[in-house]
Each structure stands twice: as structure tokens, then as C-alpha cells.
Amino acid sequence: MTASLGAVVGYLIGSLSFAVIVSRLFGLADPRSYGSGNPGATNVLRSGHKGAAILTLLFDALKAYVPVLVARQMGLDDLTVTLVGLGAFLGHLWPVFFRFEGGKGVATAAGALLAFDPALGGLVLLVWLGVAVITRYSSLAALCASLAAPAIQFWLHGWQHQTWGVLIMSLLLIWRHEANIRKLIAGQESKIGQKSAPPSA
């Protein structure tokens with residue numbers, strides 16, 4: 001498999017928007033129609049259905065984790081493996097199957113990082129968890145984890161293809177959280193678990 005083909009395969013798998021898919025299976029409203037409008041686990045949780053939110057989180061992570069793991073098991077080079085993970089992440093942000101209306105990519109990035117290197121993924125998740133538990137702001141936790149990820153990757157492995165991949169994902173994650181940054185500064189950001197009554201599906 002060439003690096004470009006790996007990126008395309010990763011992108012197509014990443015384009016499966018599980019927030020929308022799971023919500024439809026549970027008879028919930030489209031997550032793009034309420035709350036933050038973001039098709040991700042945090043917004044699905046605002047529907048009040050914890051099971052749907054957990055499944056969304058799990059599958060959004062697996063759609064990057066599994067392809068990267070398979071690419072590694074196939075013995076593909078580091079550039080191809082990195083592009084598979086990056087492709088899945090970009091697919092989540094701009095899914096071809098859902099009018100390019102994607103989420104912010106936190107869970108998908110976490111899945112890619114765990115597959116890149118369990119130590120890297122674990123340390124970044126600890127940063128996210130620590131901030132989330134203390135502040136109850138999912139967006140702030142994601143921003144802190146995004147800032148930490150490239151530093152941890154460089155500390156563990158130095159500069160390599162994977163480092164560039166992690167850096168690109170982190171920059172895009174921060175960019176996708178622009179509205180959340182403004183809300184955090186204004187004190188208007190919703191906390192984890194805060195419900196937002198969705199319209200009927």
C-alpha cells in the first residue's frame with residue numbers, strides 16, 4: 001500500500017460520523033441540530049442519552065485506532081502509518097459521507113495516538129482526564145491535551161513522520177475549538193454532562 005492510498009483509506013473510514021449514525025440508531029435527533037451543533041460524543045451526551053454518547057466516543061476512537069493498528073501489523077512504513085491515522089482524523093473533521101459536516105476530532109485523534117504509541121496516547125489521555133475532572137470543561141481538556149501531544153511525542157521519539165502527524169492534528173484540533181475558546185474566555189462554555197434539549201428526531 002502506498003502512502004497516498006493509506007491516507008485515502010484512512011480518510012474514508014474516518015468519514016463515518018458515528019455521532020450521527022448512533023443517534024439515528026437510538027432514534028435521537030441529529031447532533032448537528034442542537035447544543036454546540038458538533039457531531040461528537042460530548043454533544044450527543046447533551047441529548048441525555050449516556051449510552052449513545054459512550055458508543056459514539058468508542059467508535060470515533062476505533063475508526064482511527066483500528067486502521068493504524070492494521071497498517072502497523074502489515075509492516076507498512078512510518079510515513080504510511082502516520083498518513084492512515086491523519087487521514088482518519090481529517091475524515092472525521094470533513095466527512096465525505098455527511099456533507100463534510102464533521103466534528104472536532106478529539107476521540108479520533110486519541111484513537112490515532114494510542115495506535116501510534118500506547119505510551120503517547122496514554123499520557124495525552126491523562127492530561128485530558130486531569131483537566132476534565134478538575135474543570136469539567138471538555139473543550140479546555142481537549143485544548144490542553146492538544147498542546148501537550150506534540151511535546152510528549154517529541155520527548156518520546158524526537159522528530160519523525162509521526163511527530164509531524166501529531167503536530168498537524170494538534171493544530172487542527174485547536175483551530176476547530178476556536179468558538180469554544182471564545183466561550184471559555186466569556187464564561188459561557190457548557191460543562192460536561194450539561195444537557196441541551198434537542199428537538200424531536
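Look at region 26-51 and say how many of its residues are outside any loop (DSSP other than H, G, I, E, B) and touching a residue at least 12 places away in the same chain (Cβ under 8 Å). Steps first, answer last, please.
First, the residues of region 26-51 that are outside any loop (DSSP other than H, G, I, E, B): 31-33, 41-45, 50-51.
Narrowing the set further to residues that are touching a residue at least 12 places away in the same chain (Cβ under 8 Å) leaves 31-33, 41-45, 51.
Counting residues in region 26-51 that are outside any loop (DSSP other than H, G, I, E, B) and touching a residue at least 12 places away in the same chain (Cβ under 8 Å) gives 9.
The residue that is farthest from V81 (Cα to Cα), counting only those in region 14-25 that are within 14 Å of the chain's Cα centre (by Cα) and either at pLDDT below 85 or not in a loop (DSSP other than H, G, I, E, B) (or both), is A19.
If the condition is being in a helix (DSSP H, G or I), over 24 Å from V66 (Cβ atoms) and free of Cβ contacts under 8 Å to residues at least 60 places away in the same chain, then region 116-138 contributes G130, V131, V133, I134, T135.
Filter region 17-31 down to residues that are within 19 Å of L173 (Cβ to Cβ) and not small (G, A, S) and give me whichever is surrounded by the most Cβ atoms within 10 Å (Cβ to Cβ). If you could, list the steps in order and put the result at the bottom.
Quick first cut of region 17-31, residues within 19 Å of L173 (Cβ to Cβ) only: 17-19, 31.
Adding the requirement that they be not small (G, A, S) leaves 18, 31.
Numbers: F18: 26, P31: 29.
Per the stated criteria, the residue is P31.
Scanning region 143-163 for residues that are of a type in the set (A, V, I, L, M) and either modelled with pLDDT under 85 or more than 15 Å from W128 (Cα to Cα) (or both) yields a single hit, L156. Of all the residues in region 120-165, those that are among the basic types (K, R) and within 16 Å of the chain's Cα centre (by Cα) number 0. Residues that are among the hydroxyl-bearing types (S, T, Y) and at pLDDT below 95 were ranked within region 164-201; the one that is nearest to L83 (Cα to Cα) is S190.
Scanning region 91-115 for residues that are surrounded by fewer than 19 Cβ atoms within 10 Å (Cβ to Cβ) and outside any helix (DSSP H, G or I) yields W94, R99, F100, E101.
Against the condition farther than 12 Å from H92 by Cα, assigned to a helix (DSSP H, G or I) and either modelled with pLDDT of 90 or more or out of contact with any Pro (no Cβ under 8 Å at 6 or more places or on another chain) (or both), how does Y11 come out, does it pass? The answer is no for Y11.
The values are calculated or read from the model by the stated rules, or taken from the named source; none is laboratory data. From a predicted model like this one, the values you see are computed outputs, not experimental measurements. Methodologically, a virtual Cβ is constructed for each residue, glycine included, from the backbone with ideal geometry; neighbour enumeration extends over all protein chains shown.
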